Amino acid sequence: MEYPPFQIWNPVKVVYGVGRIDTLKELGYKKPLVICDPIVTKLGLIEKIKSFFNEMYIFSEIEPNPSCELIDKIVTSYRNQNVDSVIGIGGGSSLDTAKAVSGLLENEGSIVDYLVGGKKFNVRKPLVLIPTTAGTGSEVTNVGVYTYRGLKKPMTSDMFWADMAIVDPELTYSMPVRVTASTGLDAFTHAIEGFWAKSSQPYTEGLALTSLKMIFENLKNSINGDKVARNNMALAATIAGIAFSQTRTTAAHAISFPLTSFYGIEHGIAVALTLPQLVLWTYPHIKSKMDGLLRYLDIDNVETLAEMIEKLMIIANIPTRLRDYGVKEEDIEKIAKISMEANIIKLTPGDITYDDVVGILRKIF
Ligand code: NAD
């Protein structure tokens, strides 16, 4: 096969390893704004970060799927406080918020102007991102996802590439089973979408395959609390993040936005719910590429791959049917219509249609 022209660009410095959160003290920041959710404070991480700086501000009220209102509120509170840098620590919701805040503290307006209004960030505060989940890869992507008028919307910006991602797996040891499973499934979905996206190329395919293998080998033990497996999952999630930072994601993410926005399904579960069916749907369109993936993972056929993905949900007691999350059968067409509006769905191999999405949703209803 022949690859079309492509480029590679990921300027984020990645620092990986247990205890590497200490790297923060070497950065010379004088007055950082730390953005996190309440769990991070409870885990004692804020106390630790405080010991690295003489002065710092803390905003610790991030909620899952951050809204545009919340982001604007943070920016209004800190715009005149001489913040010299932004540190996001937490799950993807905290990291995405930190990206937007670092941009808005140096630019005029509301996040809405940038998310839907076409305005562009061209400068930001220094930005460090520290994940405490092993899933989103947000620490190494130029993507931010924000809830606007009740619906999740992704945006990209060159200003969202952080200066540094500190991937310290120890910070993920406290994740409960469900967060471990759902964020691990998010990483798995990034890897598979980074592998098959129409925009994929040899670099992303290599990263995606490495990550997929690590996830298959470690997610189950990670759910059971094994520390080495959690270390490997933290790394695999970042590798998958680098892969999809070049390709963007595809149908699984497009369909997840209405599933999370309307039914509150956690992000990682929302992306994984359709994945077994999407794997089967995609297979005939990129058969030889998927056969390569199956060989690499030592899996007999695509049906077994689909079953293995579903099993990863079942071992963590995560329901696999839409009805279990309050979705009504008559809602399926609305979900499919909104999914088709996300640009990333066009990157799915095989030109997926509205009817295909309805069919996939009916199969998992
Ligand atoms: P999250 O940030 O929404 O957090 C989920 C829950 O996990 C919260 O209750 C949080 O307190 C808890 N938690 C986080 N770390 C913990 C720990 N170490 N111990 C115990 N509890 C912990 O979850 P997430 O799945 O990491 O992020 C999802 C968000 O990220 C969504 O908004 C999604 O759209 C976005 N996302 C962004 C990108 C990107 O590239 N920017 C990629 C994928 C997903």
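Taken together, the values in this text are just the output of simple stated rules run on the coordinates, not laboratory data. As the structure is a computational prediction, the values presented were derived from the model and not from experiment. Every residue, glycine as well, gets a Cβ built from its backbone with ideal geometry; the counts of neighbours run over all protein chains shown.
Taken about its Cα centre, the chain carries a charge dipole of about 380 debye when Lys and Arg each add +1 at the Cβ and Asp and Glu each add -1 at the Cβ. Using 0.36 nm per residue and subtracting the Cα-Cα separation, the extra length available between Y325 and V18 on full extension is 106.9 nm.
Extending 7 Å from Cα along the Cβ direction at L280 and again at M308 yields two label points whose distance is 1.7 nm. Listing V358, V18 from fewest to most neighbouring C-beta atoms within 10 Å gives V18, V358. Of the residues H190, H253, H285, the one that moves most in a GNM of the chain with alpha-carbon contacts below 10 Å is H285.
Among I58, I239, I344, the residue with the largest mean-square fluctuation in a Gaussian network model of the chain, with springs joining Cα atoms closer than 10 Å, is I58.
Backbone amide hydrogens, once placed in the peptide plane, bring I58 within less than 5 Å of V34, excluding anything fewer than 5 places away on its chain. With neighbours defined as other Cβ atoms within 10 Å of a residue's Cβ, the residues S77, S85 order from fewest to most as S77, S85. Summarising the amide proton neighbourhood of Y146: residues at separation of 5 or more, or on other chains, whose placed amide H is nearer than 5 Å comprise K153, M155. Mind telling me which of G135, G194, G118 comes out most flexible in a GNM of the chain, alpha-carbon contacts under 10 Å? Largest GNM mean-square fluctuation: G118. For V167, nonlocal amide neighbours, meaning residues 5 or more places apart or on other chains whose placed amide H falls under 5 Å from its own, are V15, Y16, G17.
Between segment 168-187 and segment 289-352, the alpha-carbon centres lie 20 Å apart.
Using only Cα atoms, find the angle between the long axis of helix 202-223 and the longest principal axis of the chain, and express it within 0 to 90 degrees, rounded to the nearest 10. Value to nearest ten degrees: 90.
Of all beta bridges that DSSP places with both ends in segment 13-171, some 25 percent have antiparallel geometry.
Footprinting exposure proxy ranking of I46, I130, I74, fewest other C-beta atoms within 10 angstrom first, gives I46, I74, I130. Coupling constants for segment 295-311 follow from the phi torsions by the Karplus curve (6.51 cos²θ - 1.76 cosθ + 1.60, θ = phi - 60°), and in residue order they are 4, 4, 8, 6, 10, 4, 7, 5, 5, 5, 4, 4, 5, 5, 5, 4, 4 Hz; glycine and proline get x. DSSP beta bridges fully contained in the chain are about 25 percent antiparallel. Protection proxy ranking, highest mean first, for peptides 3-15, 141-153: 141-153, 3-15, where packing is the per-residue count of other beta-carbon atoms within 10 Å, averaged.
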